[in-house]
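**Q** This is the structure I want to talk about, given as structure tokens.
The values are calculated or read from the model by the stated rules, or taken from the named source; none is laboratory data. Bear in mind that the values here come from a model prediction, so they are computed numbers and not experimental data. Here the Cβ positions follow ideal geometry from the backbone for every residue, glycine too, while neighbour counts run over all protein chains shown. For accessibility, only protein heavy atoms count, side chains too; no ligands or nucleic acids. Shrake-Rupley method; radii C 1.70, N 1.55, O 1.52, S 1.80 Å.
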Amino acid sequence: MADTMSSTAHASPHAPGPDVTKRDFLQLVAGASAAIGAGAIVWPMVDSMNPSKDVLALAELEVDLAPVAVGGGIIVSWRGQPVFVRHRTEAEIKAAEEAPLGEMRDPAPDSERVKEGHSQWLIVSAICTHLGCIPLGIKPSDPRGEFGGWFCPCHGSQYDTAARIRKGPAPRNLPLVPYAFLSDTKIKIG
Amino acid sequence: MVGLHQSDVKNPVLRWIDTRLPVITMLQKEYGVFPTPKNFNYFWAFGGLSMVCLMIMIATGIFLAMAYTPNTTMAFDSVERIMRDVNYGWLLRYGHENGASMFFIVVYVHMFRGLYYGSYKYPRELLWMLGVTIFLVMMATGFLGYVLPWGQMSFWAATVITNLFSAIPVVGETIVQWMWGGFSVDNPTLNRFFSLHYLLPFVLFGLVFLHVAALHVTGSNNPLGIEPKGPQDTLPFHPYYTVKDSVAICVFFLVFAFLVFFAPNYLGHADNYIPANPLSTPPHIVPDWYFLPFYAILRAVPSKLGGVSLMFASILILYLLPWLDTCKVRSAKFRPIYRVFFWVLVIACITLGVVGSQQPEGIWVPLGQVATAYYFFHFLVLLPVLGKLEPTLPLPESISQPVLGGGPLPAGAAAKPMEKA
Amino acid sequence: MRIRPRNLLGAGLIGAALLAASLFAAPARAAEEIELPSVSWSFSGLFGSFDRAAAQRGFQIYNEVCSNCHSLKEAYYRDLIGIGLSPQQVKDVAASKRVPTTDDNGQPAERPALPSDHFRSPFPNEKAARAANNGGLPPDQSVIVKAREGGPDYVYAILTGYVDPPPGFKLMSGLNYNKYFPGHQIAMPQPLRDGTVTYIDGTSNVLDQEARDVVTFLTYIANPELEERHRMGIKVMLFLLLLTGLSYAVKRKLWANVHH
């Protein structure tokens, strides 16, 4: 815009020559600095929309695994989402490891869904990949479906003991969440 | 071409736009070649600075509004969250708070420039009146915004100012309850103040557009108060005044930055860091500095209705200024007696500001009354009378003339009558 | 345009008048003008910063003494990172406090705090606070340093201002005489004396030291962004000075041949 304006607004009473290049240089430096200044003003506004410190402080969640009994589990809230923390029995682990991948809609070996050396712990998102309900099955008294994992009461999706979709309308396995073991009895999600 | 604008723009994409909506032609005309008097001093930069302030306030305000909660139980805490948790939230908040002060500083200088150089006189009366309207809407916006953090001053300023309207006979109490949405300043009040505070700046934007449009019809005034006679008296706005205004903008930001980064609470009130408590009145309820002169006028007379009327009158009187000042000469440069009284007015306004910050007791009461009396005397008596009687200095022939030589008109020639456009 | 001495003088006079007015315009105190002792702080001035050791000692005082009556509810335990505690230390401090929650049956319960929690309040609500304090409400301390005229100097003055009332002074029952409190009668009994806390780092624990340390801590809590704000401010002002010079140079060059 400035270019089109100065080309048609030639009323400045100056002569071309060395003065012009000095002036042009000054103008360039001043203009560039002003652009930097403008950027410096815009960046804090844009950054203010990024996750704030209190949101980031809740981005990681430490979970104590000691109170979770074998065969049972808990639901924890992480970044506003529900997450299953399930303590699998030997039988459940065996069933998960031996399940035929060919029968699965979203095949995934059990080893990819647990951490090495801690295969009794299954930690996955609790949001059914069909339409978002929380499947039942974390408590031993819940219905767990034919595959011993989870049964979603909304539309009948059934997950196995590695939270893989085996039956029903859900398209994919319960999503994995990032976590790490801080010790044998403590994990950090996120 | 059917109905399309005849555009001179070279770039094909921009030309396509310009033929259908001549924004680029408009910008070139109004901000590019626009003939501007060449003798502006830096006081003419304050209109542009006001625009910069408005943009800063809207920008910081929009981002603050993303994190602020307009509910009495959460407002104070949400502001603290902005200060502590939102990235650069402290910068947004201090920028917005001190930006309001900068906005009023800039606008007050802009207004006093108008008073000194006669910018309100023919043919710029409507321009001036639009400006007074802008000032009123600014005051409303500032008042509404100050309530939002829900500190002690927020709450009690809201209570005092809304209660003023109860002075209106017959319908006063009803109006106040309508404003409050209840029987005292409370959550409904806060909620609607937030809505209105977000709205008014855009009303301001529209008024500013009209203000600048009106200016571009008449052209700018200048320090000599005489109209440009030809191209030798003017310069294209770009690059001369775009560059000169940039200098002013840099100095403005220097002052603004110093406040924001090193003295962010200097112009504010400690009491507003105390959460609002309807059961405890602070010992000294005072508005922020830019409202202090009006606060002093409000308290100058014992009667509530009298004080309210005087306070509003002090601003409404400005609408009549083009007709109150009867002098045919615009600029105070050529009005030696008016010039003195101009500075007296400035001192009276500063005095009113100091009076407004003090408890209404002791010397401050008569001082406030004297300053208030002078204020109204200045506009209602002095200007009409002085305009008729003042022996003004001879005006130069043109804007270029005092620089290019040829002295003032020979003695005996009366001051030139105000030129018609 | 040449900057005419007259215009500059005028502008200077207005500036001086406004500055003088602003000094006047400090809110008038009720009747008596109480002068505060002036204290030098590590965080004052353009280049000030928070003395980390002092702030940590101040936190110790808040933790052991003040937190029994005063909440700090706008601050989080993770804010203690800013005064130099390690993440593990912060976790331990938080875990030593219990904050309200609900159990699985929806009944009120307590759990150990996390760094992401706000500081625990000593009382569940205002009524409980008043009931425990003779009807007085111990104010929250999160922004106390900004909420009082005189700021850090004022809080320091209050803490060190407990003296015997002058002869003939009528002290109301339940109140305490304080040299610097407006009206001189403060509901809070003297919270700190020589030796009230024993500093972990062995610093002398006389009243003056304790008061300075807790004020340093409270000033940090009220202004956690102070050091970043000052750093940024210096960079911004230097940049703006450069830009002002540059733009003025461009302006002079451009206007050089204009007769005005």
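**Q** Can you put C:E35, B:E361 in order of accessible area, largest first, using a 1.4 Å probe?
**A** Working: C:E35 160, B:E361 105 Å².
Per-residue accessible area, sorted high to low, gives C:E35, B:E361.
**Q** Show the residues, 5+ positions off or on another chain, whose built amide H is closer than 5 Å to the amide H of B:C327.
**A** B:G387
**Q** Going through the DSSP H helices of chain C, which span 27 Å or more along their own axis at the Cα atoms while scoring at least -0.5 as a mean Kyte-Doolittle hydropathy?
**A** Membrane-span-like by this rule: C:5-24, C:226-255.
**Q** Taking H as built 1.01 Å from N, whose amide H comes closer than 5 Å to the amide H of A:Y179, not counting residues under 5 places away?
**A** HN-HN under 5 Å from A:Y179: A:G190.
**Q** Which shape class, rounded, prolate or oblate, goes with segment B:15-55 when its Cα gyration tensor gives a ≥ b ≥ c as root eigenvalues, a/c under 1.5 marks rounded, and past that a/b bigger than b/c marks prolate? It would help to have the intermediate numbers written out before the result.
**A** On the way: a/c = 6.06, a/b = 1.77, b/c = 3.42.
Since a/c reaches 1.5 but b/c is at least a/b, the shape of segment B:15-55 is classed as oblate.
**Q** What whole-number value in Å² describes the accessible area per residue of the protein assembly as shown for a 1.4 Å probe? Don't skip to the answer; put the middle values down first.
**A** Working: 41740 Å² over 871 residues.
Ligands and nucleic acids excluded, the result is 48 Å² per residue.
**Q** Less than 21 Å apart at the alpha-carbon level, and either on another chain or at least 8 residues along: which lysines does that give for A:K167?
**A** A:K94, A:K139
**Q** How large is ³J(HN,Hα) for each residue in segment B:4-19, as worked out from phi by the Karplus curve 6.51 cos²θ - 1.76 cosθ + 1.60 (θ = phi - 60°), to whole Hz, x for Gly and Pro?
**A** In residue order, the calculated couplings are 6, 6, 7, 9, 9, 5, 7, 4, x, 5, 5, 5, 4, 5, 5, 5 Hz.
**Q** Measure nothing but the geometry: give the 0 to 90° angle between the long axis through the Cα atoms of A:18-47 and the longest principal axis through the Cα atoms of chain A, rounded to 10°.
**A** Once rounded, the angle reads 30 degrees.
**Q** Let me ask another. Enter the mean projected area of the convex hull around the alpha-carbon atoms of chain A, in nm², rounded to one decimal.
**A** Numbers: hull surface 76.9 nm².
Averaged projected area of chain A's Cα convex hull equals 19.2 nm².
**Q** Compute accessible area for segment A:50-77 by itself and then with all protein chains, 1.4 Å probe, and report residues whose area falls by 50 Å² or more.
**A** A:K53, A:D54
**Q** Still on this structure: Among C:P100, C:P115, C:P139, which one shows the biggest mean-square fluctuation in a GNM of chain C, springs joining Cα atoms closer than 10 Å?
**A** C:P100
**Q** Then there's this: If the elastic network links every pair of Cα atoms under 10 Å, which of C:F123, C:F43, C:F239 fluctuates the most in the Gaussian network model of chain C?
**A** C:F239
**Q** Per DSSP helix of 4 or more residues, -39500 (n - 2.57); summed, then divided by the residues of the protein assembly as shown. What does that give at 222 nm, rounded to the nearest 500?
**A** Details: 28 runs with 406 residues, N = 871.
Rounded to the nearest 500, the figure is -15000 deg cm²/dmol.
**Q** Accessible area of segment B:288-395 with a 1.4 Å probe: how many percent of it is carbon plus sulfur? Write down the numbers at each step before the final one.
**A** Numbers: 3560 of 4590 Å².
About 78 percent, which is the carbon plus sulfur part of the accessible surface.
**Q** Name the long-range amide H neighbours of A:K167: under 5 Å, sequence gap of 5 or more, or other chain; modelled H, no Pro or chain starts.
**A** So A:K167 has HN proximity to A:Q158.
**Q** If you don't mind, there's one more thing I want to ask. Given R₀ = 35 Å, FRET efficiency for C:A256-B:W16 by Cβ-Cβ distance, to 0.05? Can you show the working numbers first?
**A** Details: r = 39 Å, r/R0 = 1.12.
The pair C:A256/B:W16 has a calculated efficiency of 0.35.
**Q** Still on this structure, please answer the following. Distance in nm between label sites at B:V385 and C:R231, each 7 Å beyond Cα in the beta-carbon direction?
**A** Those two pseudo-labels are separated by 6.4 nm.
**Q** Here's a follow-up. If you project the alpha carbons of the protein assembly as shown onto their three principal axes, what span does each projection cover, largest first, in Å?
**A** 116, 92, 62
**Q** Past 23 Å, Cα to Cα: identify those pairs from C:K73/C:K146; B:K229/C:K253; A:K22/B:K229, in the order given. Please list the in-between numbers first.
**A** On the way: C:K73/C:K146 15 Å; B:K229/C:K253 26 Å; A:K22/B:K229 33 Å.
Distance filter (> 23 Å) returns B:K229/C:K253; A:K22/B:K229.
**Q** Hey, what angle do you get for helix B:336-357 against the long axis of chain B, alpha-carbon based, 0 to 90 degrees rounded to 10?
**A** 10 degrees
**Q** So, with a 1.4 angstrom probe, what is the percent of accessible area on segment B:37-287 that is carbon and sulfur?
**A** Summing carbon and sulfur atoms, their accessible area is 75 percent of the total for segment B:37-287.
**Q** Related question: For a test of the definition: using alpha carbon positions, the gyration tensor, and the 1.5 limit on a/c, classify segment B:197-241 as rounded, prolate or oblate. All intermediate terms of the calculation are to be shown ahead of the outcome.
**A** Details: a/c = 3.45, a/b = 2.51, b/c = 1.37.
Note, shape of segment B:197-241 comes out prolate.
**Q** What do you get for Rg/Rh over segment B:37-287 if you use C-alpha atoms and the Kirkwood form of Rh?
**A** On the way: Rg = 20.5 Å, Rh = 20.0 Å.
Taking Rg over the Kirkwood Rh, I get 1.02.
**Q** Given R₀ = 41 Å, what would the calculated FRET efficiency be for B:I58 paired with B:T281, taking r from the Cβ atoms and rounding to 0.05? Please report the intermediate quantities before stating the final value.
**A** Details: r = 34 Å, r/R0 = 0.82.
E(calc), rounded to 0.05, equals 0.75.
**Q** Assuming 0.692 mPa s and 37 °C, estimate D for segment B:142-273 with Stokes-Einstein, Rh taken as the Kirkwood radius over Cα pairs, in µm²/s. Mind dumping the intermediate values first?
**A** On the way: Rh = 19.2 Å.
It comes out at roughly 171 µm²/s.
**Q** Rounded to the nearest 0.05, what FRET efficiency is calculated for A:S77 and A:E98 with R0 set to 35 Å and r the Cβ-Cβ distance? Don't jump to the answer; show the numbers that get you there.
**A** Working: r = 33 Å, r/R0 = 0.94.
Efficiency for this residue pair is about 0.60.
**Q** Once a ≥ b ≥ c are taken as the square roots of the eigenvalues of the Cα gyration tensor of chain B, is the result rounded (a/c under 1.5), prolate (a/b larger than b/c) or oblate (a/b not larger than b/c)? Don't skip to the answer; put the middle values down first.
**A** Details: a/c = 2.09, a/b = 1.30, b/c = 1.60.
Note, shape of chain B comes out oblate.
**Q** Under 12 Å Cα to Cα from A:K115, which aspartates and glutamates show up? Leave out anything in the same chain fewer than 8 places away.
**A** A:K115 reaches A:D184.
**Q** Follow-up. Just the number, please: buried accessible area between A and C, total of both chains, 1.4 angstrom probe, nearest 100 square angstrom.
**A** Numbers: alone 11540 and 16640 Å², together 26930 Å².
Using a 1.4 Å probe on protein heavy atoms, the buried area is about 1300 Å².
**Q** Using Cα positions and a limit of under 22 Å, work out the lysines in reach of C:K170, with same-chain residues fewer than 8 apart set aside.
**A** C:K179
**Q** Where the convex hull is taken over the Cα atoms of chain C, what is its projected area averaged over directions, in nm²? Display every interim value, and only then the final one.
**A** Details: hull surface 88.0 nm².
The number I arrive at for chain C is 22.0 nm².
**Q** Turning to a different aspect of this structure: Using Cα-Cα distances under 8 Å and only pairs 6 or more residues apart, what relative contact order does chain C have, in percent?
**A** Working: 290 pairs, mean separation 59.1, N = 260.
Reported as a whole number, the value is 23 percent.
**Q** Lys and Arg at +1, Asp and Glu at -1: add these up for the other residues within a Cβ distance under 13 Å of C:D194 and post the number. Mind showing how you got there, number by number?
**A** On the way: positive: C:R193; negative: C:D208, C:E210.
With Lys, Arg at +1 and Asp, Glu at -1, the neighbours total -1.
**Q** Ok, one more. Sort B:M111, B:M83 by accessible area with a 1.4 Å probe, largest first. Intermediate values should be presented prior to the final figure.
**A** Details: B:M111 35, B:M83 10 Å².
Result of the area sort, largest leading: B:M111, B:M83.
**Q** OK, next. Given the whole protein assembly as supplied and a 1.4 Å probe, what does the accessible area of A:R88 come to in Å², nearest 10?
**A** About 10 Å², rounded to the nearest 10.
**Q** Taking the Cα atoms only, what angle lies between the long axis of helix B:125-147 and the longest principal axis of chain B, rounded to 10 degrees?
**A** For helix B:125-147, the angle is close to 20 degrees.
**Q** Please give the solvent-accessible surface of B:F258 in Å², to the nearest 10, using a probe radius of 1.4 Å with every protein chain present.
**A** It works out to around 90 Å².
**Q** Express the relative contact order of segment B:37-287 as a whole percentage, based on alpha carbon pairs under 8 Å and six or more residues apart in sequence.
**A** On the way: 243 pairs, mean separation 80.5, N = 251.
Once divided by the residue count of segment B:37-287, the mean separation gives 32 percent.
**Q** Just by accessible area at a 1.4 angstrom probe, what is the order of C:V90, C:V206 from largest to smallest?
**A** The residues order as C:V206, C:V90, largest area first.
**Q** Quick one: accessible surface of B:I347, probe radius 1.4 Å, all protein chains present, in square angstrom to the nearest 10.
**A** Counting only protein heavy atoms, B:I347 exposes about 110 Å² to solvent.
**Q** Then there is this: Give me the Kirkwood hydrodynamic radius of segment B:25-181 in Å, from all C-alpha pairs, to one decimal place?
**A** Working: mean 1/r = 0.0540 Å⁻¹.
Taking every pair of different Cα atoms in segment B:25-181, averaging 1/r and inverting gives 18.5 Å.
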